[in-house]
1. Tally Lys/Arg at +1 and Asp/Glu at -1 over every other residue whose Cβ is under 9 Å from the Cβ of residue 221; what's the total?
2. Under 20 Å from the 7 Å Cα→Cβ point of residue 171, by amide nitrogen: which residues of region 85-99?
3. Going toward the positive end of the dipole of region 50-250, with +1 on Lys and Arg Cβ and -1 on Asp and Glu Cβ, which of 179, 142, 130 do you reach last?
4. Using +1 at the Cβ of each Lys and Arg and -1 at the Cβ of each Asp and Glu in region 50-250, identify which of 215, 237, 201 lies farthest towards the dipole's positive end.
5. Where does the charge balance sit around residue 102 when Lys and Arg score +1, Asp and Glu -1, over other residues with C-beta under 15 Å from its C-beta?
6. Subtract the Cα-Cα distance of residue 111 and residue 76 from 0.36 nm times their separation in residues, and report this length gain in nm to one decimal.
Amino acid sequence: MIRQLKILIAPEIASTARSWQSWRTFPGQVLLVTLAALIYFGVRMITKGAEAAAFKNAYDLLSVESALGLDIEAWAQSAVLDYHWAVTFFNWVYIWLHWPVIIVSLLALYHYNRRRYTLLRNAMIVSGALGLVFFAFFPVAPPRFFGGFTDTVAELSTSYKYLQPPSIVNKYAALPSFHVGWNVLACVVVFRSTRSIPVRVFAVASPLLMSAAVVLTGNHWVIDGLVGTALAMIGLYAAQRLGWLTRRWQEPAGEKVGPAGIEPATERL
C-alpha cells in the first residue's frame with residue numbers, strides 16, 4: 001500500500017519541484033523589468049518638451065490626419081460624451097486594459113512559455129527606447145489640451161492617478177501611444193501562444209478597445225496609436241532577430257533553428 005502511494009504521489013512531487021525550480025530566476029526578471037520601467041519613465045519625465053513645440057507639432061499632426069481623413073477625434077468624443085455609461089466604460093478600458101493586461105501577460109508567459117516571455121519583454125524594451133526618441137525630440141500635446149475636448153479620465157476617474165501618478169507623467173508625450181502599441185504587442189504574442197478561444201478573442205478585442213479608448217478619452221490622436229503600433233512591431237521584429245541569433249549561437253553545429261517566437265503547435269498558454 002505504501003509503495004503504491006509513493007508511486008501515485010511521486011509524479012506530483014516531481015512536478016511541484018520542477019514548478020518551483022522554473023521560478024528560481026523570477027526575482028532577477030522582476031529586477032530587470034523594474035529597472036527598465038524606471039529608466040523608461042525617468043527619461044520620459046525629464047525629456048518633457050517645450051509647450052510651444054508640443055502644440056506646433058500637434059497642429060502639424062492634425063494637418064497630416066486631415067489630409068489622410070483620420071481627423072475624427074473631436075467628432076468621436078462628442079458622440080459619446082452624452083452617454084455616461086460609454087464614458088465610464090472607455091475610461092475603465094484606458095485604465096485597466098493597459099498595465100494590468102501587460103503585467104498578467106508577462107507573468108503568464110513567464111510561467112507557460114519562457115521563450116515568448118523573453119520575446120515580449122525584449123520587444124517592449126526596444127520599442128520603448130525608440131519611443132523615448134520621439135518624446136525627447138518631437139513632443140506632442142494630446143487632444144485634452146485643446147478647446148472642445150474633455151479629459152474624461154482626469155475629470156471622471158481617480159484610479160489612474162494611483163496607477164500612473166501625475167508626477168511621473170510627461171504631458172507632452174502623446175506620440176507614440178504605447179497604450180495602443182504595447183497592448184497590440186502583448187496581445188499578438190499571447191494570441192500566438194495559445195489555442196484557447198476566449199483568450200484569443202480577448203487578445204483581438206483588447207487592442208481594438210484600447211485604440212478607441214485613447215481617442216474617446218481625449219488622450220491621444222489617431223495617428224499616435226498608429227505610430228505606437230508601428231514601433232511595437234519594429235520592437236517585435238528586433239526581438240525576434242535577437243532571439244534567433246542567440247539561439248543560433250547556443251545550438252549545436254548543424255542543427256537547424258526556426259525563427260524565434262515560432263513554437264510547436266502543441267504549445268499552449
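1. Net of charged neighbours comes to -4.
2. 95
3. In region 50-250, that residue is 130.
4. Projecting each Cα onto the dipole axis, the largest value belongs to 237.
5. Once positives and negatives cancel, what remains is +2.
6. So the extension gain works out to 8.6 nm.
Quick note: the coordinates plus some simple rules give every number you see, no bench work behind them. Note that the structure is predicted; figures quoted are calculated from it, not measured. Heads up, the Cβs are rebuilt from the backbone with ideal geometry, glycines too, and the neighbour counts pull from every protein chain shown.
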